[in-house]
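Encoded as structure tokens, the structure appears first; notes follow it.
Read-outs throughout are calculated quantities, based only on the coordinates presented, and are distinct from any laboratory measurement. None of the values given here were measured: they were computed from a predicted structure. In this analysis, Cβ positions are derived from the backbone assuming ideal geometry, glycine residues included, and neighbour counts consider all displayed protein chains.
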Amino acid sequence: MKHVFLIDGSGFIFRAYHALPDSMKRPDGTVVNAVYGFTAMVLKLLADTDADHIAVIFDRARKTFRSDIYPEYKAHRPPAPDDLIPQFELVREATRAMGLKAVDMEGYEADDLIATYARQAREKGAQVTIVSSDKDLMQLVGDGVVMMDAMKNRMIGPDEVFEKFGVGPDRVIDVQALAGDSSDNVPGVAGIGVKTAAELINTFGDLEGVLSNAHTIKQPKRREKLMEQADNARISKQLVTLCQDVPVDVPLDDFDVVRPDVNLLLAFLKEQDFKSLFAKVAALGLSIGDNGNAKVSVASGGLSGVPPSVAPILEPLPAVQFELVQSEAALAAWIAEAQDAGLVAVDTETTSLNAMSAALVGVSLCVTPGRACYIPLAHKGPQAQGGFDFGDGADSPAQGAPEQIPLKRALELLKPLLENPGVLKVGQNIKYDMVVLSRYGVNIAPVDDTMVISYVLECGQHGHGMDELARLHLDYETIKFKDVAGTGKAQVTFDLVDLDKALDYAAEDADVTMKLYKRLKPRLASEHMNTVYETLERALIPVLVQMEREGIKVDATELKRLSDDFAKRLGDLEIEIHTIAGEPFNIASPKQLGEILFDKMGIQGGKKGKTGAYATGADILEGLAAEGHELPARVLDWRQLAKLKSTYTDALINQINADTKRVHTSYSMAGTSTGRLASSDPNLQNIPIRSEEGRKIRKAFIAEPGHTLLSADYSQIELRLLAHVADIEQLKKAFHADLDIHAMTASEVFGVPLEGMDPMVRRRAKAINFGIIYGISAFGLARQLDISRGEASDYIKAYFERFPGIQKYMDDTKAFAAEHGYVTTLFGRKCHVGGINDKNPMVRGFSERAAINAPIQGGAADIIKRAMVHLPGALAEAGLSARMLLQVHDELIFEVSDSELDATRTLVKAVMESAATLDVPLVVDVGIGANWDDAH
DNA sequence: AAGATCACG
DNA sequence: GACGTACGTGATCTTC
């Protein structure tokens, strides 16, 4: 006995069940997805392993000895799904068909049997591999025992255990005893998670060390909880400790690998209708190797030249099958399959990242993970590149264009599927595909989005692009766009990519999307994020599609006039600046400007920054200008105009869509760490408003003739949310009384009467209020108000004395973030914050401020998203034709027919104000005007 | 690609 | 006692 494989059969079943679609059925209707996943995985293991003893171990009944210790243990687990129950017996059958022993025992969990056999094997000097990813088995790792996560194809040794628990395998049970486990109902100690538990165990050695030293722990809450709940921790330790001496019936020796009866195996595979597995086993001429320890091998003539005992004959089992669809018949077959399954992953290939100007090039579909197709629709022949474009490559067969279904015909076939309310379409950033296809008359619904699901689950932890998600969740490197389309100057649009390359790339996108969906969707429910996803994010997708399609009208003539005006004034300023400097230089270069100011002209003021360059930010230049220096003042003027010209007037003119004559932004749903949207291409969330010059640009955003722009913005929404979530009585009263909140703060903090208040005093209070939302620091406030840090410190102190509830709210928020790694908004959105426990005080401080800000900023984002979801229906129901065009964090812009102005105004205000019910009223200010500036 | 700067909430 | 910070974005330009 050299190497023993202990396979966690029960773990396998559940993972396979959730990873694979329940549309996998035998002809008799029995769902066999878990059986298939289990069988495929074990066959693959058999082909790869050098083990001489193998067992598959299962749970038997729900009641085990742990229920006697603690009746709640695993008590709240929902019963197994109906379509999974019949599969338990089939999996045992599969095990036997593969020539392996299936083991279980009344009163014990599979984990206990695994622990017992692992100990016995070690005593006989054998190596042990536990095939499972269950964290409860990690306590067994080390000293000749490793775990293997078969689905991720990853070995788990002591290092991986440490990564997971923050302690070595020998202390895993101590950490679990403290942290508990909500999925198994192991109580642990309330408020202590894995992170804290590991820290405690590392400090005091083991559980008893922690409990006997509990009274010395500094954090008062933690100390109390530990002392109160010591018994819970001891019970938890009993629950998580695996029993290593189960009186097993089947001796370890019985697990020696024997010849599987191939006929039995083939019969079983046939009965389950596993065609691909059957074909692989049969076609390879599977037979019995007899080289001492071989399990499954290839008969002579199977794979010539491959040593039978090591031939991975069943590799690659999960090989992907991609099909190029070039005929209507083939397309019809895919559509029928998707129709039957009720679920299909969809992806479109186009000529551009801009959904409003992209031309459709092809569509890919995936119904079953591992099988996908690509339907090319507008690919051109090799000669097309650089040649003359006839406009509609799909209908006019360009020279050498490949065989494709005509675009129009393919869309006719796809439309019923993509619009079928009974078929769920899954995409990765499907808003893009929806916008593109809507321009071709296809309105995809209903939809799910893996990018958005990932964002709801893990916002702030990482990006949510497909490449990153595939790497993270599937341990898979996707083909990069650059690899098929080239890079730099040689890059081509997708319609010029060869079909074989296009197939690999495009079909993979649909396949990966489906795999991600299988993996991520169940987590929404198990992690209680379904409501956030469904009501806040998923419902918003079609709303944003509509907004992006609408766009907004801009006055190109006016923008051009502005641009010319700016150009002229920039020219004049440039001459003036160069004259003052005594030499020409690039005013846009901070480096050159710094050298002119501080070296050549000898103005006192220092270097800064890691790069060694002089700082020349607006604050610095303003300081110099105030000292009477002419050049910095002119540079500030120049910068303002240069910014407005390049970023706004010129860029906006270029962004006007040729078809619609309007400007269409794109909203990013998974870009921010707080739940806000972001806008790009162009960014319409940062159109100037604060300066007089800048407002001229805003005036160029206009309504169609007979229409008016309507702007509705939430008044003080973040401070209102703060008053609500931190439960601050004075603030809530002030909002109920509709007081000037900054003046009220000034009066409270500085003790001055509201009547005849000095505007400067109010300004200071306003800065404090904003600072609070940002996670105030004396340094930040001092800089904002240009006062000393001491003075800023005094203000903050005075503020917290008047509003002790805010201090408590901030401390609680930081503590929650430090414990869990995330904070939540009022509506349940999670915002993860990294670095909250970092040793570096600066990094930590940054995270703490982000943690304080996120629930407020994110809560406001939730509220406006709710309003946006409700508004289209409310408008339609009221018979109003107003179109929602833009969102700017706390503001919505509509284009309204003049005749409906009053009714729309009333309705929009009402819907937005009732988007949430807080302890304070939500107030929306509405303005109207011929342009966006006047609407404010 | 990174950094500086500046437009917005 | 020193460090060096207000929160969240995107676009443009220069520099490397």
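According to the square roots a ≥ b ≥ c of the eigenvalues of the Cα gyration tensor, what is the shape class of region A:558-656, taking rounded for a/c under 1.5, prolate for a/b larger than b/c otherwise, and oblate for the remainder? Please report the intermediate quantities before stating the final value.
Details: a/c = 2.40, a/b = 1.81, b/c = 1.33.
Because a/c hits 1.5 or more and a/b exceeds b/c, region A:558-656 counts as prolate.
Using only C-alpha positions, report the orientation-averaged shadow area of the convex hull of region A:489-623, nm², one decimal. If you can, show how the numbers build up before the last one.
Numbers: hull surface 69.9 nm².
Over all viewing directions, region A:489-623 projects a mean Cα-hull area of 17.5 nm².
Please report how far the C-alpha centroid of region A:453-494 lies from that of region A:877-893, rounded to the nearest whole angstrom. After rounding, the separation between the Cα centres reads 33 Å. Taking the Cα centre of region A:558-656 as reference, the dipole from Cβ charges on Lys and Arg (+1) and Asp and Glu (-1) amounts to some 380 debye.
Within chain A, helices built from complete DSSP H runs that reach 27 Å or longer along their own axis (Cα positions) and carry a mean Kyte-Doolittle hydropathy of 0.0 or higher are A:841-877.
Taking a ≥ b ≥ c as the square roots of the eigenvalues of the Cα gyration tensor, region A:634-702 is oblate, since a/c reaches 1.5 or more and a/b is not larger than b/c.
Tell me the mean residue ellipticity at 222 nm calculated for chain A from its helices only (DSSP H runs of n ≥ 4, each -39500 (n - 2.57), averaged over every residue, nearest 500). Show your work: numbers first, answer last.
Details: 36 runs with 426 residues, N = 936.
Calculated at 222 nm, the ellipticity per residue is -14000 deg cm²/dmol.
Relative contact order for chain A: what percent, with Cα pairs under 8 Å and sequence separation of 6 or more?
Working: 1560 pairs, mean separation 82.7, N = 936.
Rounded, it is 9 percent for chain A.
For a quick check: sort A:R62, A:R883 by the number of other beta carbons within 10 angstrom, fewest at the front.
On the way: A:R62 13, A:R883 20.
Ordered from fewest to most neighbouring Cβ atoms within 10 Å, A:R62, A:R883 come out as A:R62, A:R883.
A crude spin-label estimate for the pair A:T531 and A:V923, with each label 7 Å from Cα along the Cβ direction, gives 2.9 nm.
Beta carbons within 10 angstrom, averaged per residue: use that to sort the peptides A:755-762, A:458-465, highest first.
Values: A:755-762: 12.0, A:458-465: 18.9.
Answer by packing, highest mean first, reads A:458-465, A:755-762.
Note on A:K225: lysines with a C-alpha under 19 Å away, same-chain residues under 8 apart excluded, are A:K195, A:K237, A:K814. When A:W334, A:W638 are sorted by how many other C-beta atoms sit within 10 angstrom of their C-beta, beginning with the fewest, the order is A:W638, A:W334. By the rule of a C-alpha distance below 12 Å, with chain neighbours fewer than 8 residues away ignored, the aspartates and glutamates paired with A:K521 are A:D448, A:D449, A:E534.
If R0 equals 56 Å, the separation of the Cβ atoms of A:R763 and A:N153 corresponds to a calculated FRET efficiency of about 0.40. Computed over the Cα atoms of region A:756-826, pair by distinct pair, the Kirkwood hydrodynamic radius stands at 13.2 angstrom.
Taking region A:558-656 as the region of interest, the number of lysine pairs whose Cα atoms are within less than 19 Å, with members eight or more places apart or on different chains, is 11. Can you classify region A:824-916 as rounded, prolate or oblate using the Cα gyration tensor, where a ≥ b ≥ c are the square roots of its eigenvalues, rounded means a/c under 1.5, and otherwise it's prolate if a/b beats b/c and oblate if not? It is prolate, given that a/c is not under 1.5 and a/b is the larger ratio. Rg/Rh, computed from the Cα trace of chain A with Rh as the Kirkwood radius, has the value 1.01.
I need A:D174, A:D740, A:D509 ordered by Cβ neighbour count within 10 Å, fewest first. Intermediate results must be reported in sequence, preceding the final value.
On the way: A:D174 28, A:D740 16, A:D509 25.
Neighbour counts put them in this order, fewest first: A:D740, A:D509, A:D174.
Modelled spin-label separation between A:N657 and A:A267, with each label point placed 7 Å from Cα along the Cα-to-Cβ direction: 6.4 nm. Label-point separation (nm) for A:R96 and A:S715, each offset 7 Å from Cα along Cα-to-Cβ? About 7.6 nm, to one decimal.
Phi-derived couplings, Karplus 6.51 cos²θ - 1.76 cosθ + 1.60 at θ = phi - 60°, listed residue by residue for region A:675-689: x, 5, 7, 10, 10, 8, 6, x, 6, 9, 9, 10, 6, x, 8 Hz, with x used for Gly and Pro. Comparing Cα centroids, region A:695-711 and region A:611-669 end up 22 angstrom apart.
Potential lengthening of the chain between A:K568 and A:S646 amounts to 26.7 nm, from the contour at 0.36 nm per residue minus the alpha-carbon distance.
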